[in-house]
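Please read the structure below before turning to the comments.
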Amino acid sequence: MTGLLERIERYFDAVPRRFARVEECGPFTLFLGEPGGWVYYARPRLGGTGGFDALDVAAAAGRLRDLGLPEVLEWVDETSPDLRAAVRDEGSLTVEELPLLVLDQGAGDGTPVALPAGVRVRLLGPGDEVAVAAGRAVSELGFGSGGTAPGQLGAR
């Protein structure tokens with residue numbers, strides 16, 4: 001699973017770099033979106049050595065607060081296991097533990113995973129502006145409310 005976790009970490013570091021300013025703050029990389037726009041987060045620096053403490057967490061959260069951004073840290077517990085304790089020790093942030101969801105590719109032989117009837121999946125290319133905008137809207141709606149209940153916009 002180590003190779004998979006490394007790919008996931010590289011992905012989590014690469015994607016927001018296209019849409020956010022980046023600052024380093026102690027052992028964290030802060031992805032800075034604009035207030036009122038797409039919200040990003042701080043996360044452990046790619047390739048960092050860990051060793052997080054409450055002061056590191058407070059510095060990253062404080063920098064986000066100073067910029068008028070939500071104080072959000074995100075990490076993969078399997079690659080940064082000591083961060084959870086540092087966040088809890090810092091005391092001002094709430095830790096919400098969510099499982100890392102990974103599609104099991106079985107033997108890894110490249111056999112496509114069967115989709116439920118009526119479901120279609122395709123990759124969005126950078127030139128497909130309408131589909132990319134629709135995908136971002138779905139993501140914002142889907143992740144804009146906690147839990148599994150419909151958000152303020154309701155089920156559609």
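The values are calculated or read from the model by the stated rules, or taken from the named source; none is laboratory data. For clarity, every value in this text was computed on a predicted model and none was experimentally measured. Neighbour counts run over all protein chains shown; Cβ positions are idealised from the backbone, glycine included. Just the protein is used for accessible areas: all its heavy atoms, side chains included, with ligands, DNA and RNA removed. Shrake-Rupley method; radii C 1.70, N 1.55, O 1.52, S 1.80 Å.
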Per the list (1) within 17 Å of the chain's Cα centre (by Cα); (2) within 22 Å of residue 140 (Cα to Cα), residue check on residue 65 breaks on (1)
Only strands (runs of 3 or more DSSP E) wholly contained in the stretch 5-69 count here; list those with 2 or more residues that are touching a helix residue (DSSP H, G or I) at 6+ places or on another chain (Cβ under 6 Å) and not β-branched (Val, Ile, Thr). 28-32
Restrict the check to the stretch 122-139 and report whether at least one residue is open to solvent by less than 60 Å² (accessible area, probe 1.4 Å), modelled with pLDDT under 90 and within 14 Å of the chain's Cα centre (by Cα). yes
Looking across the stretch 1-47 at residues that are more than 21 Å from residue 69 (Cβ to Cβ) and buried (at least 16 other Cβ atoms within 10 Å of the Cβ), the single one that is modelled with the lowest pLDDT is 8
Considering residues that are in contact (Cβ under 8 Å) with a residue 24 or more places away in the chain and either polar (S, T, N, Q) or open to solvent by less than 20 Å² (accessible area, probe 1.4 Å) (or both), the number found within the stretch 55-82 is 7
Any residue in the stretch 83-107 that's within 21 Å of residue 46 (Cβ to Cβ): show its pairings with residues that are part of a helix (DSSP H, G or I) and modelled with pLDDT of 85 or more at Cβ separation under 6 Å, as long as the two are six or more apart or on different chains. 86/54; 86/57; 87/57
